[in-house]
Amino acid sequence: MTDTMQRIVLASRPEGAPAHVNFRLEDTPLPEPGDGEVLVRVHYLSLDPYMRGRMDDAKSYAKPVEVGQTMEGGAVGEVIASNSDLFKPGEFAFGMFGWASHGVLPAKALQKLSPDLAPISTALGVLGMPGLTAWHGLTSIGKPQHGETLVVAAATGPVGSMVGQLAKARGLRAVGIAGGPEKCRLAVETFGFDACLDHRAHPDAASLREALAAECPDGIDIYFENVGGKVLESVLPLMNVGGRIPLCGMIAWYSGADLGDRNLLPAAWRAILVKRLLVQGFIIFDAYHRLPDFLEEVAPKVASGEVSYLEDITEGLENAPDAFMAMLKGGNTGKTVVKLV
Ligand SMILES: NC(=O)c1ccc[n+]([C@@H]2O[C@H](COP(=O)([O-])OP(=O)(O)OC[C@H]3O[C@@H](n4cnc5c(N)ncnc54)[C@H](OP(=O)(O)O)[C@@H]3O)[C@@H](O)[C@H]2O)c1
C-alpha cells in the first residue's frame with residue numbers, strides 16, 4: 001500500500017467565477033484510521049454546485065472551506081483498512097472524503113453501498129444527494145397533483161432530470177429548460193420531458209417567457225427553482241394562483257449577480273403576493289432521514305431502467321478543478337463525477 005495520497009486544497013478564495021489559481025494539488029501522508037474509523041480509497045468524487053458557496057468566506061448554512069484545507073465533497077470508494085466492526089476491507093462506502101484520493105472517517109459517518117444493486121457512482125447522483133434533493137423538494141414542497149404543469153431548469157442535471165421524471169410519473173406536464181439544443185433533445189428523449197426550452201437561445205427574460213407561455217398553456221403550478229437569473233424572471237409572471245416554488249438553488253447567481261441598476265425584488269414580491277405563491281427554500285442536509293424512503297421508491301426504478309440518469313465522467317483528480325468550473329457554466333451533461341480508480 002502507498003504511504004502518500006493526493007488532495008486538492010482551496011489555494012485562495014475566488015472573486016467571481018472560480019479560476020485555476022484558487023485550487024492546488026498536493027501530496028500528503030496517507031492518514032491512519034483510529035479506533036472506529038476506516039480508510040477508504042476513493043473511486044469517484046462528486047462535484048456539485050454547492051461547493052462554489054464553500055469557497056467564499058460568507059456566513060451560510062455550512063462553514064466555508066478554509067484556505068489551505070481540502071475542498072469539501074462527497075465520494076465513494078473501497079475500504080482498504082478498517083478499525084470498526086461495521087466495515088470490512090473490500091466493502092464500498094459513501095462519505096464526505098473531500099477532493100482527495102483517500103480519506104479516513106468514522107465508520108458511523110459512512111453509508112454502505114452494494115455494487116451488485118447499482119454502480120457505486122450512482123450514490124453520488126441519481127441515488128444520492130441530488131436525487132434525494134429532487135424527490136424531497138418535489139414531494140414535500142411542490143406537492144404535485146395530476147394534470148398540473150411543472151417547470152424546472154438545469155433539466156438534464158441530476159436534480160432537474162429527477163424532478164422531471166418524478167413529475168411525469170405523477171401525471172404532470174413537465175417542461176424543462178436547459179442550455180443548448182443537445183441538452184434539450186436529451187431532456188425530452190432520455191428524461192421524458194414534454195418539452196424543453198434552450199435558455200441560451202433567448203437573449204432576455206421576455207423572449208424566454210413568450211416561449212414558455214406557449215409550452216405552458218395552462219400556466220405553471222410548480223416551478224422547481226434551480227437557477228434564478230433570467231429563468232426565474234421569465235417564470236414568475238406565468239405562475240398560477242396557489243403555485244409552489246421549492247427553492248433549491250440559484251446557480252446563475254452563485255458567483256455574483258450582474259443586474260445593472262435593475263431591481264427584481266418588487267416584481268418578484270408582487271407576483272408572490274397576488275398569486276398567493278408558496279416559496280420555500282430547503283437544504284437537503286435537513287432531510288437526510290428521508291433517504292431510506294427515497295431509495296425504496298426510486299432505486300428499483302433505476303435498476304429496471306424506468307428512471308434514467310446520465311453521468312459526466314472526468315478522469316483524474318488533477319482534472320477536478322476544470323470539471324468543476326465547467327459544470328458551473330453548464331459544461332456538464334449529467335451528474336459531474338471524477339473517476340480516480
Ligand atoms: N438545496 C439543496 O439542498 C440542493 C442540493 C443539491 C443541489 N442543489 C441545487 O440544485 C441546482 C442543480 O444542481 P445539480 O447538481 O443538478 O447541477 P447540474 O445540473 O449538474 O449543474 C448545474 C447546471 O446549472 C445550469 N446553469 C448554470 N448557470 C446557469 C444559468 N445562468 N442559467 C440557467 N442555468 C444555468 C447548467 O445547466 P444548463 O447548461 O442546462 O443551463 C449547469 O449544467 C443547483 O442550483 C444546486 O446548487 C440544491
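Considering the range 182-203, the residues that are part of a helix (DSSP H, G or I) and open to solvent by 30 Å² or more (accessible area, probe 1.4 Å) include one that is nearest to the ligand (Cβ to nearest atom), namely H199. Of all residues in the range 11-26, those that are assigned to a strand (DSSP E or B) have Cβ atoms under 6 Å from Cβ atoms of residues that are open to solvent by less than 40 Å² (accessible area, probe 1.4 Å), 6 or more apart or on another chain, in F23/I8; F23/A11; F23/P321; R24/V9; R24/A11; L25/I8; E26/V9. Scanning the range 308-336 for residues that are assigned to a strand (DSSP E or B), open to solvent by 50 Å² or more (accessible area, probe 1.4 Å) and farther than 12 Å from T156 by Cβ returns I313, E315. Scanning the range 259-307 for residues that are assigned to a loop (DSSP other than H, G, I, E, B) and farther than 23 Å from T122 by Cβ returns L259, G260, D261, R262, N263, L264, K275, R276, L277. I'm trying to understand the selection: among the residues of the range 27-55, which are of a type in the set (D, E) and open to solvent by 40 Å² or more (accessible area, probe 1.4 Å)? Once the filter is applied, which keeps residues that are of a type in the set (D, E) and open to solvent by 40 Å² or more (accessible area, probe 1.4 Å), the range 27-55 yields D27, E32, D35, E37. Filtered by the rule that a residue be closer than 22 Å to G171 by Cβ, assigned to a helix (DSSP H, G or I) and open to solvent by less than 10 Å² (accessible area, probe 1.4 Å), the range 212-251 gives L212, V235.
The values are calculated or read from the model by the stated rules, or taken from the named source; none is laboratory data. As the structure is a computational prediction, the values presented were derived from the model and not from experiment. Positions of Cβ are generated from backbone atoms using ideal geometry, with glycine treated the same way; all protein chains shown enter the neighbour counts. Please note that ligands, DNA and RNA were not included when accessible areas were found on the heavy atoms of the full protein model with its side chains. Shrake-Rupley method; radii C 1.70, N 1.55, O 1.52, S 1.80 Å.
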